[in-house]
Each structure stands twice: as C-alpha cells, then as structure tokens.
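Participant: Starting off with a structure, shown below.
The values are calculated or read from the model by the stated rules, or taken from the named source; none is laboratory data. Given the structure is predicted, the values throughout are model-derived calculations rather than measurements. Glycine gets a Cβ as well: all are built from the backbone with ideal geometry, and neighbour counts include every protein chain shown. Quick note on the areas: whole protein, heavy atoms, side chains included, nothing else; ligands and nucleic acids left out. Shrake-Rupley method; radii C 1.70, N 1.55, O 1.52, S 1.80 Å.
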Amino acid sequence: MEKFETITALVAPMDRANIDTDAIIPKQFLKSIKRTGFGQNLFDEWRYLDHGEPGMDSSQRKLNPAFVLNLPRYQGVQILLARANFGCGSSREHAPWSLQDYGFRVIVAPSFADIFFNNCYKIGLLPVVLDAAILDYLFEEVKSTEGYRLTVDLQNQKVISPKREEFTFEIDIFRKQCLLNGLDDIGLTLQHAEKINQFEQKRRNEQPWLFM
Amino acid sequence: MQTLYDKLWNQHLVHTESDDPGSMALIYIDRHLVHEVTSPQAFESLKLAGRRPWRLNSILAVADHNVPTTDRSQGIQDPISRLQVDTLDQNCDELGITEFKMNDLRQGIVHVIGPEQGATLPGMTVVCGDSHTSTHGAFGCLAFGIGTSEVEHVLATQCLLMKKSKTMRVSVEGNLGPGITAKDIALAIIGDIGTAGGTGYAIEFTGSAIRALSMEGRMTLCNMAIEAGARAGMVAVDDTTIDYIKGRPFAPKNELWDSAVAFWRTLRSDADAVFDRTVTLDAAQIKPQVTWGTSPEMVTTIDGIVPDPARVADEVKRHDMQQALNYMGLNANTPIQQINLDKIFIGSCTNSRIEDLRAAAQIVKGKHIAANIKLALVVPGSGLVKKQAEQEGLDQIFRSAGFEWREPGCSMCLAMNDDRLIAGERCASTSNRNFEGRQGPGGRTHLVSPAMAAAAAIAGHFVDVRKLTN
C-alpha cells in the first residue's frame with residue numbers, strides 16, 4: 001500500500017445523503033476479475049447519459065453535463081465532500097477502488113457506512129469524519145469558491161482550509177500508522193502466526209465440530 | 001453480565017494490543033464463505049504474495065451472483081460473467097476448496113446454502129465478501145460482510161483485524177398480526193432507526209416476537225441488519241436454532257452433537273447484560289411494509305401514502321426525498337395501494353427459502369397474475385429449496401398463476417445476470433435494497449414481504465395481504 005502523506009488538493013461536493021455503493025460503482029462493473037480500471041465507471045449512472053457496460057470505451061460516451069464531477073471546475077479533484085452515511089449498501093471493495101482509481105485520496109463526511117469505511121483503510125483511501133455543521137460550512141465554501149482546496153494532514157489529524165481554519169479529526173492509531181507507513185495488514189497479522197496457531201489448536205480441542 | 005456479542009467477541013479474540021476496548025483486535029474466523037464477485041482479486045493477490053489459504057476446511061465456495069436462472073445446460077452466455085465464475089472454479093480446484101458448482105443440486109445463494117448445509121453453526125464467526133453475511137447471525141453467530149482485502153486477509157491468516165462494535169438490542173415484544181412476517185419487522189425497524197441507525201453497532205434481536213420466529217424468519221431479519229447500518233445482526237440460540245441444525249450435512253453428529261448443543265445453549269446475552277442502545281417495538285403494531293423511495297428507510301405501511309417532501313423541515317432530507325420521488329416516478333400523497341406494478345420478484349438472500357415460497361404460493365394458489373404484470377419471477381434460494389418446493393407442488397401453483405419458476409441464484413436482487421428491470425419499470429421485490437439502479441438501470445424497486453409481493457402480482461398493484469382470504 002502506498003504511504004499517505006499530507007495532501008493539498010482540489011475539493012468537490014457530493015451534496016446528497018446515503019450515497020450507496022450501487023451508485024458509486026454499479027454492479028455490471030463488478031464482473032471484472034481485476035482490481036484496477038474502475039475509475040472510469042465511478043458514479044456511472046449519474047455521470048454518463050448512456051447506459052454503461054463493461055468493455056465500453058468511456059472516452060466515447062456522452063457525459064451528463066449537470067453531474068458535479070463533470071463540471072470543469074472540479075477536474076483534477078482529489079478530495080470529496082459527502083453527506084451522512086456515505087458508502088452504505090454492499091461490501092464491494094470496488095467502491096473504494098473506483099474512487100481511488102478516479103483520483104480521490106480523501107473522502108470527508110459526517111458519517112460513513114461501516115464496511116465501506118473499513119475497506120477504505122485497506123487500500124490507503126482516507127475517510128475523514130467531521131461534524132455535520134463543519135461539513136455544512138465546507139459545502140458552502142466549496143460551492144462558492146472556484147478552485148477551493150483543502151489540506152489534509154494525517155500526521156496531525158487536521159483538515160486545513162485556505163483561510164487557515166483547522167478541523168481536527170479522529171483516527172484509530174493503528175490505522176493511522178498503517179496509512180502513514182504504507183503497511184500491509186497481512187504481513188502484520190502474520191507476525192502473530194504462532195499465537196493464531198495456539199488459539200486454533202485450543203479451539204480445535206474444545207470445539208472439534210468447527211474443524212470438520 | 002455479557003451480551004451475546006461480547007461472548008462471541010471474547011471467544012474469538014486471538015490478540016489485542018491493549019485492553020482498551022477501542023483498540024484493534026485480531027479476531028479468529030471459523031467459517032469463510034466465498035463467492036465469485038468479491039474473491040478473484042483476493043485469490044490473485046494471495047498467489048502473488050506466495051501465500052496459501054490458512055485453513056481449507058473453513059472455506060465453502062459457491063457462485064451465485066452471476067449465474068443464469070434459466071436453462072443452464074449451455075453454461076453462462078455472457079463471457080464476462082462466465083470468466084468470473086470460471087475463475088472461482090479454477091481457484092477452488094487449484095487450492096482444494098470445497099465448492100458447489102453451478103450444476104450441483106446444493107448450489108444456491110451463499111447465505112441460503114450456509115445454513116441449509118449446517119456450515120453455519122452457533123458460536124461461529126462467519127465472514128463473506130458480501131454485506132448480507134449478517135444473515136448467519138440468526139444462529140447465534142458473529143457474522144458480517146467484508147471487502148476483498150479482508151477476504152484475502154482471512155484466506156492468508158484465518159483472522160481479521162477489527163475494532164469492537166457497540167451493542168444495540170432491538171426488542172420486539174408481543175404477537176405479530178396475521179400476514180405479518182419477519183420482513184415487515186425488519187422494514188419497520190429500519191423505518192424507525194434509519195439506514196444509518198445501526199452504524200457502529202452489532203444488533204441483537206430479542207423479545208417474544210423474535211423467539212416465535214422460525215429460523216428462516218430470523219435469517220430474513222438478520223439479513224436486513226445491514227440495511228439498518230449494522231454490520232452484524234444476531235439472535236440468541238434456543239430450541240428453534242438447535243432443531244433446525246440437527247441432521248444437516250456439516251452439523252456435528254453423535255457425542256459431538258451433544259457437546260456442541262451444551263455449548264450452544266450458553267450463546268445468549270446474560271439477563272443483566274448492558275447494551276449501548278435499546279430499541280423496542282410492539283409486534284402487534286407492525287403492519288405490512290412497503291418502501292416508496294430509494295433507501296430502505298423510505299418505507300411506510302400498506303394503508304399509508306407516499307409522503308410529501310414539502311412537510312419535511314430538514315433541507316438535505318427534503319431534497320433527498322424529492323430526488324427519490326422523481327426517480328421512483330411517484331407523486332406525494334399517492335395511496336400505496338394505488339401504485340401499479342410491472343414486475344414481481346420473489347427471491348434473494350432475504351426471502352427465497354421454502355417458507356417464503358410457501359407463503360407466496362398460498363396467496364397465488366388458484367389465481368392468476370394481473371394483466372399489467374409483464375413478468376413475475378420466483379427464484380428459489382438454492383437447488384435444494386427448489387427441489388423441496390417442487391416436491392410440495394409449489395412450482396405448479398406458481399406456473400399456473402403465470403409466474404416463471406427459475407434456477408437458484410441472486411438474480412434480480414442486483415441484476416448481475418440477465419434478470420433485470422428495464423428503465424421505468426416498477427417492481428414489487430422481496431429483496432433487500434431499493435437503491436437507484438439496483439435491479440437494473442432506471443428500475444424502480446418497492447421492497448415487500450413474499451406474501452405482499454404475491455398479492456401484488458395477483459392484483460397488479462399493492463394490496464393489504466391481511467384482507468385476503470383463501
């Protein structure tokens with residue numbers, strides 16, 4: 001996993017609550033057996049005017065000019081502002097994959113769905129939770145200011161606005177270290193392999209029916 | 001004074017960095033269910049890292065999302081779907097993982113076949129790269145959906161790194177009225193606490209109405225826990241649980257059975273256990289539920305009307321409601337019973353088990369679907385459910401009534417195969433998500449119970465199943 005370093009980047013607003021994973025990446029694109037290339041189909045049903053299917057050349061498809069990410073001012077965006085319960089629905093990691101592949105590094109919302117939230121950390125996409133009132137303010141700022149950029153400083157757990165306002169966010173220390181150092185979860189867990197073996201052996205003795 | 005969740009958590013705790021309840025813990029996984037959509041990238045990474053699955057007999061695999069529900073003798077026609085299913089087959093064959101292949105009678109929706117085979121047992125941690133893994137919590141399990149990176153993590157280490165959830169008790173007391181099902185309880189709860197109400201919590205469903213549910217009803221309820229935002233839902237073990245498991249292929253036998261049952265009976269919250277939040281519903285007040293919008297919390301009762309955004313004060317909420325109504329092609333204040341339908345879908349990991357099919361068949365018996373219904377599908381949850389239904393003659397009841405009787409799979413719950421809505425079509429569906437485009441781009445989904453879907457098929461619009469007599 002790539003290390004997460006402080007970024008200062010363009011911000012786009014997705015002003016809608018309960019954005020689900022079916023909206024983030026529609027199911028027809030889940031048929032891929034690869035991990036990459038989902039960015040072109042991020043928010044496919046909202047983003048394009050035609051119906052998308054796997055294998056289509058996205059550069060030839062007609063964009064929905066009203067969709068926020070298609071507006072010229074948001075090209076090159078890396079930080080997404082979202083509303084409550086972002087990423088609800090299925091466990092598909094294709095949702096964070098598609099956001100990351102599109103270019104997003106950070107999603108800021110008042111709340112996230114649990115599985116989506118967890119999946120983001122696994123791939124180095126940072127979900128930042130801020131109070132709904134702060135989000136309201138940031139939505140206003142980003143809409144009224146073309147080229148609005150935020151700085152996300154993971155080390156100090158701060159989102160910093162162009163006016164130098166600082167908004168502190170919480171993050172689990174373990175997840176923070178994994179992101180900052182680009183650590184691989186599996187490698188870390190396997191450091192405990194002996195402990196897992198012992199646990200398993202004990203369990204096998206106590207509940208043998210679980211191992212048949 | 002532990003909750004069921006606390007017990008399950010503690011019994012699977014391999015390692016933790018500190019005693020702080022908020023710290024990351026390594027949790028042992030007993031059962032790993034695998035399907036074709038969320039596993040290929042995990043298997044690929046595993047191989048690239050030169051790793052092997054930690055414990056093969058913890059894994060059970062099946063293809064369910066992409067499989068056709070029509071004639072399977074020619075295989076899968078869509079080359080992209082076929083590649084995904086072939087990839088699962090290859091991975092399982094190569095690694096020696098137990099898989100029910102497409103033409104195996106035991107094939108079906110992963111959340112139907114786990115319990116059906118006895119591969120889901122009380123006290124287990126059960127994971128799958130699918131959010132509806134919460135279904136298995138009906139057996140007193142800690143069961144939850146995971147992403148593909150975590151699928152790989154479980155394959156490689158038999159563990160997951162996670163933080164302990166908060167606990168919520170949803171207590172449903174009293175007797176359900178006639179025609180009211182677990183699906184209605186689930187939707188009523190989601191209507192009450194919202195789709196984010198359970199975020200960060202593991203829900204335990206308790207109360208006399210839950211105790212009175214069959215295992216299939218409990219599975220329907222736990223299945224929908226994720227639609228309330230809770231990664232895991234669960235029900236304590238009782239005689240109903242144990243009776244269901246006895247004799248299933250993967251269940252323990254003889255002396256092991258007795259030891260297992262003795263242990264399983266401890267899988268309940270202690271009387272004085274403290275939950276972080278408690279929600280109480282009166283079973284007698286629950287009416288047949290119908291969703292009207294594009295989120296499961298956008299739900300009302302069969303005698304209700306489509307709500308009016310103009311009456312909602314919160315601006316974001318009003319905007320979302322209006323957007324939902326536009327998508328659904330509905331006007332505010334329309335009575336639910338005046339909503340006409342185009343298609344009917346009876347199936348999915350929520351409602352495709354034998355009791356669901358019986359309930360629907362009872363409604364349609366001797367009747368015929370309305371002229372405005374273009375397609376009514378019954379998709380059994382597994383090959384074994386299908387066989388059982390055919391032995392009971394349910395297939396004939398459905399076919400005579402104008403329904404199509406299909407092969408098992410996820411089908412039109414998420415329309416990854418050919419079963420889907422066309423833009424603008426309106427469907428009464430027994431599935432779990434009414435998100436935009438879920439059943440096909442531009443498709444409009446109303447979530448209901450199997451009996452309500454069946455009744456809507458006959459009438460051509462929603463009707464109150466409580467008023468139907470047979």
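Participant: So if R0 is 35 Å, what FRET efficiency would B:T70 and B:S214 give, r being the distance between their Cβ atoms, rounded to the nearest 0.05? Walk me through the numbers on the way to the answer.
Facilitator: Values: r = 30 Å, r/R0 = 0.87.
That gives a FRET efficiency of 0.70.
Participant: Which distance in nm do the two modelled labels at A:E166 and B:K365 give, with both placed 7 Å along the Cα-to-Cβ direction?
Facilitator: Each label point lies 7 Å from its Cα, and together they span 7.2 nm.
Participant: Under 5 Å between amide H atoms, partner at least 5 residues away or on a different chain: which partners does A:S90 have, H built in plane at 1.01 Å?
Facilitator: Counting only residues 5 or more places away or on other chains, the set is A:T21, A:D22.
Participant: Now for a separate question. Ranked highest first by average number of other Cβ atoms within 10 Å, how do B:119-131, A:8-20 line up?
Facilitator: Most protected by this proxy first, the peptides run B:119-131, A:8-20.
Participant: Where nothing but the Cβ of Lys and Arg (+1) and of Asp and Glu (-1) is charged, how large is the charge dipole of the protein assembly as shown around its Cα centre, in debye to the nearest 20? Don't skip to the end; give the middle numbers.
Facilitator: On the way: 70 positive and 82 negative charges, 125 e Å.
The dipole of the protein assembly as shown has a size of about 600 debye.
Participant: How big is the Cα convex hull of the stretch A:6-181 in projection, averaged over all directions, in nm²?
Facilitator: Working: hull surface 38.6 nm².
So the mean shadow area of the Cα hull is 9.7 nm².
Participant: Let me ask something else about it. Give me Rg over Rh for the stretch B:173-237, both radii from the alpha carbons and Rh done the Kirkwood way, two decimal places.
Facilitator: 0.94
Participant: Which value, in debye to the nearest 20, gives the size of the charge dipole of the stretch A:6-181 about its Cα centre, when Lys and Arg are +1 and Asp and Glu are -1 at the Cβ?
Facilitator: Working: 20 positive and 21 negative charges, 89 e Å.
Magnitude of the dipole: close to 420 debye.
Participant: Something else: Among B:W257, B:Q285, B:T301, pick out the residue whose Cα is farthest towards the positive end of the charge dipole of the stretch B:236-324, where Lys and Arg carry +1 and Asp and Glu carry -1 on C-beta, about the Cα centre.
Facilitator: Looking along the dipole axis, the top candidate is B:W257.
Participant: Which residue, chosen from B:G347, A:N205, B:S45, occupies the Cα position most advanced towards the positive end of the dipole of the protein assembly as shown, where the dipole is computed from +1 (Lys, Arg) and -1 (Asp, Glu) charges on Cβ about the Cα centre?
Facilitator: B:G347
Participant: Enter the mean number of other protein chain beta carbons within 10 Å of the beta carbon of each residue in A:117-125, as an integer.
Facilitator: On the way: counts 3, 11, 6, 1, 3, 8, 3, 0, 0.
Whole-number average of other-chain Cβ neighbours for A:117-125 is 4.
Participant: List the residues of the stretch B:39-71 whose backbone N lies under 13 Å from a point placed 7 Å from the Cα of B:L256 along the Cα-to-Cβ direction.
Facilitator: The answer is B:57-58, whose backbone nitrogens lie closer than 13 Å to the label point.
Participant: Which residue, chosen from A:P110, A:C88, A:H51, occupies the Cα position most advanced towards the positive end of the dipole of the stretch A:23-122, where the dipole is computed from +1 (Lys, Arg) and -1 (Asp, Glu) charges on Cβ about the Cα centre?
Facilitator: A:P110
Participant: Also, I was wondering about something else. About its Cα centre, what dipole magnitude does chain B give when the only charges are +1 on Lys and Arg Cβ and -1 on Asp and Glu Cβ, stated in debye to the nearest 20? List each step's numbers first, then the result.
Facilitator: Details: 45 positive and 54 negative charges, 135 e Å.
Taking the Cα centre of chain B as origin, the dipole is about 640 debye.
Participant: With a cut-off of 8 Å between alpha carbons and a minimum separation of six or more residues, what is the relative contact order of chain B in percent?
Facilitator: Values: 1139 pairs, mean separation 80.2, N = 470.
Relative contact order of chain B: 17 percent.
Participant: Let me ask something additional. Going 7 Å from the Cα of A:M56 toward and past its Cβ, which residues in the stretch A:25-43 have a backbone nitrogen under 16 Å from where you end up?
Facilitator: Within reach of a label on A:M56, which here means backbone N under 16 Å from a point 7 Å along Cα→Cβ, the stretch A:25-43 contributes A:25-32, A:38-43.
Participant: Follow-up. Tell me, what is the percent relative contact order of the stretch A:6-181, built from C-alpha pairs under 8 Å that lie six or more residues apart?
Facilitator: Values: 334 pairs, mean separation 45.1, N = 176.
So the answer I get is 26 percent.
Participant: Something else now. Per DSSP H run of n ≥ 4, the term is -39500 (n - 2.57); total these for chain A, divide by its residue number, and report the mean residue ellipticity at 222 nm rounded to 500 deg cm²/dmol. The partial results should precede the final answer.
Facilitator: Numbers: 8 runs with 69 residues, N = 212.
Estimated from H runs of four or more residues: -9000 deg cm²/dmol.
Participant: Could you compute how much accessible area chains A and B hide from each other, both sides summed, with a 1.4 Å probe? Nearest 100 Å² is fine. Could the numbers behind the result be given before it?
Facilitator: Values: alone 11580 and 18150 Å², together 23950 Å².
About 5800 Å² of accessible surface is lost on pairing.
Participant: May I pose another question? Which angle between 0 and 90 degrees, to the nearest 10, do you get for helix A:132-144 versus the longest principal axis of chain A when only C-alpha atoms count?
Facilitator: 40 degrees
Participant: For the pair B:E390 and B:R311, how long in nm is the line joining their label points, each one 7 Å along Cα→Cβ?
Facilitator: A separation of 5.0 nm, rounded to one decimal place.
Participant: Considering every residue in B:149-156, what mean count of other chain Cβ atoms within 10 Å of its Cβ is obtained? All intermediate terms of the calculation are to be shown ahead of the outcome.
Facilitator: Numbers: counts 13, 7, 2, 4, 7, 2, 1, 5.
Mean number of neighbouring Cβ atoms from other chains: 5.
Participant: Do the alpha carbons of any pairs in A:K27/B:K386; A:K122/B:K101; B:K343/B:K367; B:K387/B:K467; B:K287/B:K343 sit beyond 19 Å of each other, and which pairs?
Facilitator: As for pairs spanning more than 19 Å Cα to Cα, those are A:K27/B:K386; A:K122/B:K101; B:K387/B:K467; B:K287/B:K343.
Participant: Go ahead and estimate [θ] at 222 nm for chain B from helices alone: -39,500 (n - 2.57) per DSSP H run with n ≥ 4, summed, over the residue count, rounded to 500. Display every interim value, and only then the final one.
Facilitator: On the way: 15 runs with 146 residues, N = 470.
Calculated at 222 nm, the ellipticity per residue is -9000 deg cm²/dmol.
Participant: Given N residues in chain B, what is its alpha carbon radius of gyration divided by 2.2 N^0.38 Å? Please report the intermediate quantities before stating the final value.
Facilitator: On the way: Rg = 21.4 Å, N = 470, 2.2 N^0.38 = 22.8 Å.
Against the empirical 2.2 N^0.38 Å value, I get 0.94 for chain B.
Participant: Sticking with this structure for a sec: Residues of the stretch A:1-45 losing 40 Å² or more of accessible surface, assembly versus chain alone, probe 1.4 Å, please list them.
Facilitator: Relative to the lone chain, where solvent access is computed with a 1.4 Å probe, the stretch A:1-45 loses at least 40 Å² at A:R16, A:N18, A:D20, A:D22, A:K27, A:L30, A:K31, A:I33, A:R35, A:E45.
Participant: Per the 1.4 Å probe, what fraction of the accessible area of chain A, in percent, lies on carbon and sulfur atoms? Kindly include the intermediate steps, with their values, before the conclusion.
Facilitator: Numbers: 4270 of 8600 Å².
About 50 percent, which is the carbon plus sulfur part of the accessible surface.
Participant: Send over the Kirkwood Rh of the protein assembly as shown, from the inverse of the averaged 1/r over different Cα pairs, rounded to one decimal Å. Write down the numbers at each step before the final one.
Facilitator: Numbers: mean 1/r = 0.0396 Å⁻¹.
With all distinct Cα pairs of the protein assembly as shown included, I get 25.3 Å.
Participant: Hey, another quick one. Measuring with a 1.4 Å probe in the full set of protein chains, what accessible area per residue, in whole Å², belongs to the protein assembly as shown? Before the final figure, lay out the partial values.
Facilitator: Working: 23950 Å² over 682 residues.
Result: 35 Å² per residue.
Participant: With Cβ to Cβ distances under 12 Å as the rule, what net charge do the other residues near B:S23 carry (K, R +1; D, E -1)?
Facilitator: Working: positive: A:R175, B:K163, B:K164; negative: A:D172, B:E17, B:D19, B:D20.
Around B:S23, the surrounding residues sum to -1.
Participant: Around A:D44, with a cut-off of 14 angstrom between Cβ atoms, what is the net charge of the other residues, counting Lys and Arg +1 and Asp and Glu -1?
Facilitator: So the environment of A:D44 carries a net charge of -1.
Participant: Quick one: pull the percent of accessible area on the stretch B:319-428 belonging to carbon and sulfur, 1.4 Å probe, ligands and nucleic acids left out.
Facilitator: Values: 1840 of 3990 Å².
Looking at the stretch B:319-428 in its full context, I get 46 percent from C and S.
Participant: How about the stretch A:168-193: which of its residues lose at least 30 Å² of accessible area in the presence of all protein chains relative to their chain isolated, using a 1.4 Å probe?
Facilitator: A:D172, A:F174, A:R175, A:I186, A:T189, A:L190, A:H192
Participant: Please express the shape of the stretch B:388-439 as an equivalent ellipsoid: the semi-axes are the square roots of 5 times the eigenvalues of the C-alpha gyration tensor, given largest first in whole angstrom.
Facilitator: 24, 12, 10
Participant: Counting only other residues whose beta carbon sits under 14 Å from that of A:D15, what net charge do I get with K and R as +1, D and E as -1? Mind dumping the intermediate values first?
Facilitator: Numbers: positive: A:R16, A:R83, A:K143, B:K317, B:R318; negative: A:D136, A:E140, A:E141, B:D314, B:E315, B:D320.
Net charge in that neighbourhood comes out at -1.
Participant: So how much slack lies between B:N326 and B:K374, counting 0.36 nm per residue of separation and subtracting their Cα-Cα distance, in nm?
Facilitator: Details: separation 48, 0.36 × 48 = 17.28 nm, distance 2.28 nm.
Value of the extension gain: 15.0 nm.
Participant: For the stretch A:72-182, give the share of DSSP beta bridges that are antiparallel, in percent and rounded to the nearest 5; count only bridges with both residues there.
Facilitator: Numbers: 6 of 14 bridges.
Just about 45 percent of them are antiparallel.
Participant: Looking only at GluC sites (Glu not before Pro) in DSSP loops with at most 15 other Cβ atoms within 10 Å, what is the longest site-free stretch of chain B?
Facilitator: Numbers: sites that count: B:E17, B:E392.
It works out to B:18-391.
Participant: Label points 7 Å out from Cα along the Cβ direction at B:L83 and B:D270: separation in nm?
Facilitator: Result: 5.5 nm between the two label points.
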